Each structure stands twice: as structure tokens, then as C-alpha cells.
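As C-alpha cells, the structure follows; a few thoughts come after it.
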Amino acid sequence: MHTVVLQWVPSHCNILGNEAADTLAKEGTTKDQNDRSTTFKEAKTIIKAKQHKKWLQQHPHYNKNDAFHLLTRSEQVLIFRLRTGHNRMNHHLFTKFRIGQSNQCPCQTGSMTTEHLLQTCPLHDGHGSQIWAEATTVQGKLYGSLDDLQRTATFARRTGVSI
């Protein structure tokens, strides 16, 4: 195994008055260097920490206490698709990809969106009243407590709607 140490030493080429700095820089290249080696594990930790900090700066609305992170993977997928609107419901498929006849819900009372499905669709009133004993906002259903999010995932599964 060989150890290679790269060191950049700035030079002041042809700048009047910097001959002393050039001499010292050249002298520095001949001196022994302190061993500042980093293990793979340390390097990985440093890189991950920097990337995490950068990611947090780019995502100012990230909430580490969001109950979303406590859900099962399948529940997370459902909630994520409902939150973002990137799902298999008619509104998204028709407006983004022109798939299907229209963006309408099969109930024919509105566009098949997350809000419509969770709040007003008459086809799923029965499931909704079984799961939510009292009126709950869309915000509460999608960003509420762990229990709220689990109820929403259960509701979505029970409807049989492809999300």
C-alpha cells in the first residue's frame, strides 16, 4: 500500500515584492507534512453531514416531527401520493397525461382529486363516516397525527381507488 499526499502551495509568480513568499512556499514543499489522513468512515460521515445540511437548506419546510416518518412504507406511499397529487386518480392522469375520458370522479359530482376523495365523494361517504367519527379537514387527514394519517391510509385502501 502506498500513501500519496497532495498539497497545493500557492506561488506568487512574477509579482514584484513577493520573492520572499515564493522562497518560503518552495521551502515548505520540502518539509515533512503532518499526517492528516482521514479514514473512509470519517470521510463518509463528513460528506453525509454536509449533504444533509445542504438538503435541509433546500427543503425549509421539512418537518422531522411529521408523523409521516412513523408510518409503514405502504402507508407512506399512499399519503405521499395524496399529498402531492401525483397519483393514479382521474384528475392527475387526465390533466397531466391525457389518459382516460376526463378528470371526473365516477360519482360525476366533481374532479377526482385528493380533496374530493377525502371530503366530498358520495361513493365513499360510508367508509368516511366509519373512519372519521367527526368532521376532519383535508389538512388534518394529510398532515395530522400518526393516528390521523393511519386513518387516511385505511380509508384510501378501503375505497379500492387506485392511488
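The listed residues R36, R88 rank as R36, R88 when sorted by accessible area, largest first, using a 1.4 Å probe. Accessible area per residue (1.4 Å probe, heavy atoms of protein chains only) ranks E75, E42 as E42, E75, with the largest value leading. Decide, for the stretch 106-159, between rounded, prolate and oblate: order the square roots of the alpha carbon gyration tensor eigenvalues as a ≥ b ≥ c, take rounded if a/c falls under 1.5, and otherwise choose prolate if a/b is larger than b/c, else oblate. Prolate, because a/c is 1.5 or more and a/b exceeds b/c. Against the chain, whose longest principal axis is taken from its Cα atoms, helix 146-159 shows a tilt of about 50°.
Treating each Cα of the chain as one equal point scatterer and applying the Debye formula with no solvent, the log10 of I(q)/I(0) at q = 0.09, 0.10, 0.17 Å⁻¹ comes out as -0.54, -0.58, -1.07. Label positions at D22 and T95, each projected 7 Å from the Cα along the C-beta direction, are separated by 6.7 nm.
Keeping every protein chain in place, order C107, C121 by accessible area at 1.4 Å, biggest value first, i.e. largest first. All intermediate terms of the calculation are to be shown ahead of the outcome.
Working: C107 25, C121 5 Å².
Accessible-area ranking of C107, C121, largest first: C107, C121.
The angle between the Cα long axis of helix 73-84 and the main principal axis of the chain comes to about 80°, on a 0 to 90 degree scale. Extending 7 Å from the Cα toward the beta-carbon at both T137 and T38 defines two label points whose distance is 4.5 nm.
Over all pairs of different C-alpha atoms in the stretch 34-86, the reciprocal of the mean inverse distance, the Kirkwood hydrodynamic radius, equals 14.1 Å. Per-residue extension of 0.36 nm, minus the Cα-Cα distance of D125 and C107, leaves a gain of 5.3 nm for this segment.
In the stretch 52-117 the Cα-Cα distances spread across 5 Å bins starting at 0 as 3, 16, 18, 17, 15, 12, 11, 5, 2, 0 percent of all pairs. Counting only protein heavy atoms and a probe of 1.4 Å, the accessible surface of the chain is 54% carbon and sulfur.
Please give the FRET efficiency for L6 paired with K50, using the beta carbon to beta carbon distance and R0 = 25 Å, rounded to the nearest 0.05. Let's see the in-between values first.
Details: r = 20 Å, r/R0 = 0.81.
Computed FRET efficiency for L6 and K50: 0.80.
Among the lysines of the chain, pairs that are 8 or more positions apart or on different chains and have alpha carbons within less than 16 Å of each other number 5.
The values are calculated or read from the model by the stated rules, or taken from the named source; none is laboratory data. No experiment lies behind these values; they were computed from the predicted model shown. Glycine also receives a Cβ, built like all others from the backbone with ideal geometry; neighbour counts cover every protein chain displayed. Surface accessibility is based on the protein's heavy atoms, side chains included, excluding ligands, DNA and RNA. Shrake-Rupley method; radii C 1.70, N 1.55, O 1.52, S 1.80 Å.
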